[in-house]
Structures are given as C-alpha cells and as structure tokens.
C-alpha cells in the first residue's frame, strides 16, 4: 500500500468537508519560522515521516517563540527515521482541545467490505483500548449505516448538536477514503475544540496499489508500500521495473550504514520470496547488515538482472555482494549469470561476490561466473541448489574477512574506447544499443556471429542485424550473452550499451 504524508492526507480530508488546522510544510528552519509568524501564537511542529510514535522520538513539539521554532525545526530536519532523513516538517496552528476521538476507515479482509472504527478517546495507546472501540459496517457504495453510526456516537456524553456533527464526520470519513480509493484512513485524534468544532488534528492514509494509476493528482511515485519516501535509487529501480516486464524486479533500500557490531553492509540480490527471506536470515545470522532487498525472479531477462546488479552496486560502503534465493527456481539461471557477469566486469568489482543460482541450467550459470571471476580482482563464487544459504553465507564471511575491511565505492561503468569515440556501428535494442568496432569487424566477425547465435551477420563487409529492426530489438538478452562471451574471449570490439535512466547522473552527483 502506498502511503501519504500527514499534510497530503489533510488536504484530502479538507476537500471532503473536514476542518483541519491551518498549516504548511517547511524544508528549512527559516521557512518554518516564517510560517509560524504568519499564524501567530503557539504552533505545533511535526516531522513528516511514515512512522507512528513520532512524539516519542521528538518528532512532535509545541513552540511559542521564533527561536523555539527555529531550534526545533533545525533539529527535526537533521533527524533520521530508521535509516532515512526527515525532509520536511509540518508547521500548524495549535488547537485548543476539549475532547479527543479516534476514527478510522479500513478494508476488512475477513468481511470483504469497508469498516469504520470509532472510539470516544484518541491519541496514543488506542491499540490497547480495543475493547472500547465500535465497529461500524459500511456498504461499498452507500457508506456507513446511519443507525450504526448514530448508535456509536450516542453514548459519548456530548450534546445532541455535537452528536450530529460527529455522525457527519463518520460519513465524511467514508467519502474521503472512497474519493482516493484508500486502503486505510485514520484520524487520530479527531478533536472537539473548545470553540465547539470538530478538527482532524492528525491523519494517516494508505492508497491501494492498484488505484495509484487512477489518481495521478496524489503524486505517488511508487505504487508499493515502503516505510520511507522513495529514495533516488528506488526511483531509478522502479523506472527499470516499469520499462521491462520480463520477470520481476523489486528493489528497496533497507540500511545506509552498518552498526558497530556488524561485519558490514551487504548488497543483497535474491530470487523468489521464500528463498530470499531464508537467504537474508542466513546473511544476517552471519553477522552482516543488509543494505537492500532485491528480487529478480519469474524468468527475468539478462538485461534486467544486469540493471538490478548495477543499481545494487550504486550503494556505497558495501563489503560484498550476496546473491541467493530459491533453490528450485523455474527460470533459466544462465541468463541471470550473464547479467551479473556483465555488471561485475563493467564496474571492475573489487569486493567479493557469492552467488547461489539454484534451478534450471545452474551448472551453466556457475561456469559463467567462474570464468568471469578470472578477469576480476576479487573472487566471484557460484553455487547450486544443493548448497544451503547458511553454508554460502559462512563462505561469504570468509571472503569478506580476507578482504581486510575493503569497502565498495560506486563508479561509472567501463566503456570500450571505440564507444567513447562514437566510431562504431550501432544497432538498436530494447532500451539500449549494440556497438561494434567497424575497424575490427573482419577480425572479430567469426566470434560475434557465433556468440550472437546468428543475430549479427556480415553484409558487404560490415556488421548487420539478421532480423528486422523491431524483432532484433527484443534480443537484448542474447546480445548481452554475446557481450560477455566476447569479453571472456578477449574480444574488444563488441559492446552492449544498456540504458538505466538517471543512474549515471545520480552517481555523478554523489561522487
């Protein structure tokens, strides 16, 4: 489920008839001070982060003076929630509260219907007060049943006028959730102010992943549940996933630094959910911290695996690359091996890699990694389904120890000179192009024709595609294999360029 920040959720509530505090977001302390001065009086400052319990970590404070606002905003904007920085704070007018209520909307999977939960008391600890909550069933089209809503609020000990307003709030909650196809919408607390108004003082909204495309106005970048706003690298990865639907590619950053007791950050590359979880447990049990979770499964293209490896290796300070997933994957593992081999050579890998590619063609996959390892400065070891995640994690720990603390620094890929000089023949492929050194063609032609499986042939003394342009463009995996085999054979005149939009620019900014 895709999440929204509090300020985004309050905009949705306001559009559906709720009163919300006056407030705006700030990304600097001076901006926060300016907003507070505009409102006058005491304000509340809240970090905008996808987490509960913000007050307990110093993420919700009240401030009266400009100096207090500045100090709190500076502190908050230097915070990290988990491993990720706070990028904005919400500055709002303080509400004089008389009473608090809890109100939430969710899809009840058991009932297969929307459900509203109401409690005559809000704030922290609502989970422990479950017995005091009231469940209000909803019709998918009509919303909450009037009788159930009236019964729920009638026992709150408030005036008849406020009973009606609170009942209206329940109906407006359903309308707000339905307007954006929310999976959940929680207002905690919904407050009754001393001036007699109901105000949504805080809210949390998640949007159904499948509904994101229908609501571009929400500005959700990635239709997936994260515990943090998407990082630049996650945005790059998601674009790769959306541009190539051959197999699965999932990338999420988990940690940017390893604690002192850890043996170091590991770039993790899995294949298949259950096997990947077991493999992550193995590497954590071996004493390491996982920098990212990545899954390439469902018979991914070699080029998709290559891009996944490039993205994993865009993370700094890794001590090694650990790949392990399902031991019985129904996918041709040699394609994954080719993708990894190309990425490792292009990036001049200098941290150890242990890769378990169990399943179809695992022997061929291991052989590809073994041969590529001879061209690298560090060992790349391939393993099969019979090799347990715990065993290869232990071997990984040995290789990292032999590296004596070496850490990875992201870099741009190696590119042959003739490509840099733009002096070769080019043939378009899916999200990339093949480069062939025209001057070397007579010499390299037999190897290229063999390893491309006849996709590239000689026509009048020059390299040419053997298939129509559109069909040839879909053969990027086969041409990637040709790229690797030419590299292993010492051929310099063939290169497959695969675009990863935004990655090189990101690396250049961080270097």
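Things to note:
- Residue-averaged [θ]222 nm for the chain, counting only DSSP H segments that reach four residues, each worth -39500 (n - 2.57): -10500 deg cm²/dmol
- DSSP assigns beta bridges within the chain; of those with both partners inside it, close to 80 percent run antiparallel.
- Gyration tensor (alpha-carbon) shape descriptor, the range 230-291, a/c threshold 1.5: oblate
- Principal-axis tilt of helix 273-285 within the chain, Cα atoms, nearest 10 degrees: 90
- Here the peptides 23-35, 410-422 are ranked by packing, the mean other Cβ count within 10 Å, and the order with the highest first is 23-35, 410-422.
- Put the Cα centre of the range 155-208 next to the Cα centre of the range 255-329 and the gap is 43 Å.
- Angle of helix 441-451 to the longest C-alpha principal axis of the chain, folded into 0 to 90 degrees and rounded to 10: 60°.
- Global geometry of the range 1-90, whether rounded, prolate or oblate, following the gyration tensor of its Cα atoms and the 1.5 cut on a/c: oblate
- Projected label distance in nm at residue 471 and residue 15, using a 7 Å step from Cα toward the beta-carbon: 4.8
- Calculated percent of Cα pairs over 46 Å apart (choose from (i) 32; (ii) 11; (iii) 29), label: (iii)
- Summarised as an ellipsoid, the range 97-218 has semi-axes of 24, 16, 14 Å, derived from the eigenvalues of the Cα gyration tensor scaled by 5 and square-rooted, with the largest first.
- For the pair residue 386 and residue 422, a Förster radius of 41 Å applied to the C-beta separation gives a FRET efficiency near 0.30, rounded to the nearest 0.05.
- Degrees between helix 29-39 axis and first principal axis of the chain (Cα, 0 to 90, nearest 10): 30
- Peptides 43-49, 464-470, ordered by how many other C-beta atoms sit within 10 Å of their residues on average, highest first, read 43-49, 464-470.
Each reported figure results from applying straightforward, stated rules to the coordinates on display, with no laboratory input. As the structure is a prediction and not an experimental result, all values here were calculated from the model. When we count neighbours, we look across all protein chains shown, and the Cβ atoms used for this are built from the backbone with ideal geometry, even at glycine.
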